[in-house]
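A.B. asks: The structure follows.
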Amino acid sequence: MSTETQKIQDLANQEYKYGFYTDVETDSAPPGLNEDIIRLISAKKEEPEFMLEWRLKAYKHWLTMTEPKWPNVQYSPIDYQSIVYYSAPKSQEDGPQSLDDVDPELLETYKKLGIPLEEQELLAGVAVDAVFDSVSVATTYKEKLGELGIIFCPFSEAVKEHPDLVKKYLGSVVPHTDNFFASLNSAVFTDGSFVYIPEGVRCPMELSTYFRINARNTGQFERTLIIAEKGSYVSYLEGCTAPMRDENQLHAAVVELIALDDAQIKYSTIQNWYPGDEEGKGGIYNFVTKRGKCLGRNSKISWTQVETGSAITWKYPSVLLIGDNSIGEFYSVALTKMRQQADTGTKMIHIGKNTRSNVVSKGISAGHGQNTYRGLIRINKSATGARNYTQCDSMLIGDECGAHTFPYIEIKNSTAQMEHEASTSKIGEDQIFYCQSRGLSAEDAVSMIVNGFCKKVFKELPMEFAVEASKLLSVNLEGSVG
Amino acid sequence: MLEIKNLHVEVDGKEILRGIDLKVKAGEVHSIMGPNGSGKSTLAQVLAGRETFEVTAGEVSYEGKDLLEMAPEERARQGIFLAFQYPVEIPGVSNTYFLKAALNALRKERGEEEVDAMDFLALIKDKMKLLGMDETLISRPVNEGFSGGEKKRNEIFQMVVLEPKLAILDETDSGLDIDALKIAAEGVNSLRSPERSFIVVTHYQRMLNYIVPDAVHVLYEGRIVKSGGKELALELEEKGYSWLEDKTATAVNS
């Protein structure tokens, strides 16, 4: 390996900056999973009967399923009986009414991450629904949103206060039988976010949730449900970092989006969970099911994701294009370094007439990282006039990483128009030298080149999130160049 | 300003430069000429700090400092600029952003305040005009989709904005039509001052009609075999490089 390549690798393999562990008293269930645990979760959350029944139905189905083996990732078997399925910060029991009531140590955690809630409230104009372990501890701007009829609350609250909406839409996009991890989530999910945008309302601010996994050995199973009524618009941000720890942590979230006639949902994610150490030990397993349903005519769902963390990422934010003229979009940046593995992509299922989908995937591999793009474009018989554009680019940093592409295309209607572009490039020594010869450090050069590579995706992110994403990428690529 | 003593350089075990001696004083323009493969570009890149080349012997001092000890970005911050023979493309990074970052890296080194986007645009406006730079060119990604001539012009534009103390032009004239060549030369001439030096690497004499050198050196098989004034360039133009072969033989024998 040339010294330059070595240098680039050192840059890429920089240690996780957000490694720390917060000591908060937790109220946990014993490890393991059985019907009693599910009943306990449901009881702790004071859920109505329908919810418990749904969970048990999912659990029974899950027992008949096996873990999928098709992803291009390797990990040691997960012992589902050693996982703690319920834990809540103690301070939650009386329920914090404002930030003053929130555990100071928790607030400190956010501060370490550079995302102080109070500042966000004041400066960014972002309503934050913070998930700390499994219970939401702070919900802001609720009143202001309430005036517009917008509901933005912890999922557990929605179950109690808006049971009809939950009953109607929960599992309507990702059924409890959907896949191994989604079924598990359906059985044991503890919290998440619920968003309802009434007809004709344009949500005036970005709705944002910061997720954080904290208690040891606690699987995190969020459930998010976003419903955009006719002619409404919402932009939802999900961002996360996690503390340093040794055990592998399973994370199996489910996100369901429903867009009715002329509605638009923009869902943006920055994911920076602990990727494990140099050898890949201790990182988070991220097995997520995210799916949107463009149910109405002219509806639109956009997924934008920047994935830099986790030991293993298994994630395919998808769109079911049911309504005529509906649009599905997927913009993704996935960075794998050290021993990280990512198998990610999207599914665009064209059902309605004149439906369109746009897929832009940018994979970056460094160190021993393995990056796989897996995408399915399906044009059903009914989808006359459907169009898809897919662009799938991979960038390699160093010579011990890998990039893989598995595009699946199924077309059952001859009027479909498909475009697929793919490229693989390597950050060249010549590019870095060129930047250096203009006075930029090798570190800044790599960061600049990578950010340039990702530009098409970043520009889909809301402004402040784009800045954060770009910074996050730089931080992740930053290193020990002397 | 720059003093090269007995510089030997290898790449992949093959010796490319075999003992270069060169002294460039402040305010001077030196031209390095020579046939393909003589080591001209190697010399240019070694001075800028390219690591693929291994310096096996010799020394280079720049403003009294050991240049070979300095990282490439350090050299740039100390005022060395290389106009590349083959400028590199950086997709997705706008020319403006790139150049502003470069300028600020240099300003930071000099203890000056960084310029913001507005000031920067004001600063480059005149220089763009000087080089006939199209406004769209500056907002496009660095060199991406640029024609050969546009890339070269962009190099000169960067040089004019960064105002180096020692500019090394590596075959900037190749790929330029005569009009573009004149404009590039104008860019160089606009920078000429008693404090600033240039090393102009070129195949052909025609560039030197516009950038008049104080000295011309002929590089052949890794050595400077002849040095002279600007008239040497004309002589080379007339005779070609073949007569140098006899010359080297004589040099070695004597």
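Laboratory data are not the source of any read-out in this text; all were calculated from the coordinates shown. The structure presented is a predicted model; accordingly, all values stated were derived computationally and were not measured. Every residue, glycine as well, gets a Cβ built from its backbone with ideal geometry; the counts of neighbours run over all protein chains shown.
A.B. asks: Any idea what angle helix B:148-162 forms with the longest principal axis of chain B, computed on alpha-carbon atoms, 0 to 90 degrees, nearest 10?
C.D. replies: Taking Cα atoms only, the helix is inclined about 80 degrees.
A.B. asks: Moving on. Given an 8 Å cut-off on Cα distances and at least 6 residues of separation, report the relative contact order of chain B as a percent.
C.D. replies: 28 percent
A.B. asks: Could you work out which residue, out of B:172, B:96, B:202, moves most in a Gaussian network model of chain B, that is, has the largest mean-square fluctuation with Cα springs under 10 Å?
C.D. replies: For chain B, modelled as a Gaussian network with Cα springs under 10 Å, the answer is B:96.
A.B. asks: A further question on this structure: On a 0 to 90° scale, report how tilted helix B:243-253 is relative to the longest principal axis of chain B, with both axes built from alpha carbons and the result rounded to the nearest 10.
C.D. replies: 60 degrees
A.B. asks: Any chance you could give the angle, 0 to 90 degrees and rounded to 10, that helix B:178-191 forms with the longest Cα principal axis of chain B?
C.D. replies: Relative to chain B, helix B:178-191 is tipped by roughly 80 degrees.
A.B. asks: Quick one: which residues, 5+ away or cross-chain, put their amide H under 5 Å from the amide H of residue B:174? H built at 1.01 Å from N.
C.D. replies: Long-range HN contacts for residue B:174: none found.
A.B. asks: With an 8 Å Cα cut-off and a minimum separation of 6 or more residues, compute the relative contact order for region A:358-482 in percent.
C.D. replies: 24 percent
A.B. asks: Okay, moving on. How many Cβ atoms of partner chains, on average, are near each residue of A:425-435 if near means within 10 Å of its Cβ?
C.D. replies: Going residue by residue through A:425-435 and averaging, the value is 5.
A.B. asks: Please build a GNM for chain B, connecting alpha carbons under 10 Å apart, and tell me which residue among B:139, B:242, B:38 fluctuates the most.
C.D. replies: Between B:139, B:242, B:38, it is B:242 that shows the largest mean-square fluctuation.
A.B. asks: Considering every residue in A:438-450, what mean count of other chain Cβ atoms within 10 Å of its Cβ is obtained?
C.D. replies: Average per residue, whole number: 6.
A.B. asks: Something else about it: Project the alpha carbons of chain B onto their principal axes and report the range along each, largest first, in whole Å.
C.D. replies: The Cα atoms of chain B stretch 62, 39, 35 Å along the principal axes, largest first.
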